[in-house]
1. Given (i) 157; (ii) 101; (iii) 128, which label gives volume of the Cα convex hull per residue in Å³ as computed from the coordinates?
2. Please give me, ordered by residue number, the trypsin sites (Lys or Arg not before Pro) of the range 52-107 that lie in loop per DSSP and have at most 16 other Cβ atoms within 10 Å.
3. Leaving out ligands, DNA and RNA, what percent of the accessible area of the chain is carbon and sulfur, probe 1.4 Å?
4. How high is the FRET efficiency from Gln62 to Ser98, r the C-beta distance, R0 22 Å, rounded to 0.05?
5. Which value, in Å² rounded to 10, gives the accessible area of Glu95 with a 1.4 Å probe and all protein chains present?
6. Of the options Val86, Gly99, Gln4, report the single residue whose Cα projects farthest towards the positive end of the charge dipole of the chain (beta-carbon charges: Lys, Arg +1; Asp, Glu -1).
7. Once the whole set of protein chains is in place, how much accessible area is left on Val46, using a 1.4 Å probe, in Å² to the nearest 10?
8. Modelled label-to-label distance, Leu45 and Glu14, 7 Å Cα→beta-carbon offset: nm?
Amino acid sequence: MPSQLAAGEVFVAEVMAENLRRLEVGGWPQLFLSHHLLDPDGRALVWDGRGHSLLRAVGPGQRTAMRVTLAAPTEPGSYLLEWDLVSEDECWFAECGSGVARVLLVVPRGGHPTDPRSGGYR
């Protein structure tokens, strides 16, 4: 996943989830990989972003890769994208003691810093 994106830019992230529990996850009840958008201090700006269904059961010690399509925030700034699993109508895994993955995401002012056509911004 890129660490910098233009405001509102749509991107595809490849997310690897690993089951560190002793039980199989997936199947029923339906599990989803979702995200929260946080400010740099960890306060929620968007809770429960678009969920992506685990397509198969994941046994203990197994991994599954998922391609997730998201849009960057429309306002420039630094954000934390927090990934978590959720059992619909039950709980977020973090609420039950599981770890989450947090990724820093920067939306620079004026666009994306890697395009040389406009002084480094597009």
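1. Of the listed options (i) 157; (ii) 101; (iii) 128, (ii) comes from this structure.
2. For trypsin sites (Lys or Arg not before Pro) across the range 52-107 that sit outside H, G, I, E and B with at most 16 neighbouring Cβ atoms in 10 Å, the list reads Arg56.
3. 52 percent
4. Working from the Cβ atoms, E equals 0.90.
5. Accessible surface of Glu95 is approximately 130 Å².
6. Result: Gln4, furthest along the dipole toward the positive end.
7. Ignoring ligands and nucleic acids, Val46 comes out at about 70 Å².
8. Inter-label distance under the simple model: 2.7 nm.
The values are calculated or read from the model by the stated rules, or taken from the named source; none is laboratory data. On a predicted model such as this, the values are computed, not experimentally measured, just so you know. Glycine also receives a Cβ, built like all others from the backbone with ideal geometry; neighbour counts cover every protein chain displayed. These area figures cover heavy atoms from the full protein model, side chains too; ligands, DNA and RNA do not enter into them. Shrake-Rupley method; radii C 1.70, N 1.55, O 1.52, S 1.80 Å.
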